[in-house]
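Notes follow the structure.
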Amino acid sequence: MNEPVLLLSGSGLPAWIWDEVRAGLDESAVAPRPTSPDAGPEAYAAAALAAVDWPRFTVVAHSVGGVVAQALLAAAPERITGVLGVSAAWPAPGRSFADALRVPQRWLLPLILRLAGTRPPEKQLRAGIGAGLPAQTVDRLVAEFTPESRQLFVTPAPVADGSPARRGYVRTTGDQELPLPVQDRAAAGLGGDFRRDLATGHLPMLEDPAGLLEVVREFLRPAA
């Protein structure tokens, strides 16, 4: 039996996006959001840790969930045995999610969030996270998208130590939300030598759940 898996979702996404992947895992949970509208990465990490009682577990972090994974590593490094990023941001130490983006997005995002909030326009949601997905699924994602705290995107994640040793990254090569150059920088920052590509948009857990499940299972297998 593999160890439990804590799934960290991208911005605004409902827990059901992981259902097909979770069906193939021994034990898993989707991290909840904190209740505070001003929650930063540390509060997101605290909410995730409070939701599970596993002594040790693997983290699978999607998109902005990479910043939460960094905060988890700082808060409870002894409990986390591995981190797998899936099209995940991984800012440099002392940097925020916005800092991990390309210019000019890294300059524009904090201003946009301050003026317009953290829910993107519907057209942007459909073209970004909805790319490659059936229309019915996109409709449901748009209807159930939940705005996040602005602080999640602009507050630097706490600096974690070098553990865990087991780290890996999954690139989504058709991603309209997190371009490959950003993903490549994130993979380098996260470290580890486990690398896989999926030919999907930003939500491989919906577009190719079987493919993502196989990658997660492979990551969980003990080293030979």
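The values are calculated or read from the model by the stated rules, or taken from the named source; none is laboratory data. All figures in this text were calculated on a predicted structure; none of them were measured in a lab. Using ideal geometry, Cβ is built from the backbone for each residue, glycine included, and neighbour counts are taken over all protein chains shown. These area figures cover heavy atoms from the full protein model, side chains too; ligands, DNA and RNA do not enter into them. Shrake-Rupley method; radii C 1.70, N 1.55, O 1.52, S 1.80 Å.
Below, the figures for the structure above:
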| item | result |
| --- | --- |
| Separation of alpha-carbon centers, the range 28-53 and the range 63-77, rounded to whole Å | 10 Å |
| Environment charge of S11, counting only residues whose C-beta is closer than 12 Å and scoring Lys/Arg +1, Asp/Glu -1 | +1 |
| Protection-proxy order for peptides 110-120, 66-76, 169-179, each taking the mean of Cβ atoms within 10 Å per residue, highest first | 66-76, 169-179, 110-120 |
| Gap separating the Cα centres of the range 116-190 and the range 200-214, nearest whole Å | 14 Å |
| Accessible area of the range 1-114 belonging to carbon and sulfur atoms, whole % at 1.4 Å probe | 53 percent |
| Extension gain (nm, one decimal) between T35 and D53, 0.36 nm per residue minus Cα-Cα | 4.5 nm |
| Net length gained if the chain between A74 and D26 were fully extended (0.36 nm per residue, minus Cα distance) | 14.7 nm |
| Most fluctuating residue given options T137, T81, T155, as computed from a GNM of the chain linking Cα atoms under 10 Å | T137 |
| Estimated inter-spin distance, D139 and D161, nm [label 7 Å along Cα→Cβ] | 5.2 nm |
| The range 1-157, relative contact order [Cα under 8 Å, separation at least 6], % | 29 percent |
| Net charge of neighbours whose Cβ lies under 15 Å from the Cβ of R56, counting Lys and Arg as +1 and Asp and Glu as -1 | -3 |
| Choice from D26, D208, D184 showing the highest fluctuation, given a GNM over the chain with Cα pairs closer than 10 Å | D26 |
| Accessible surface, the chain, averaged per residue in Å² (probe 1.4 Å) | 45 Å² |
| Cα gyration tensor, the range 2-77 - rounded (a/c under 1.5), prolate or oblate | oblate |
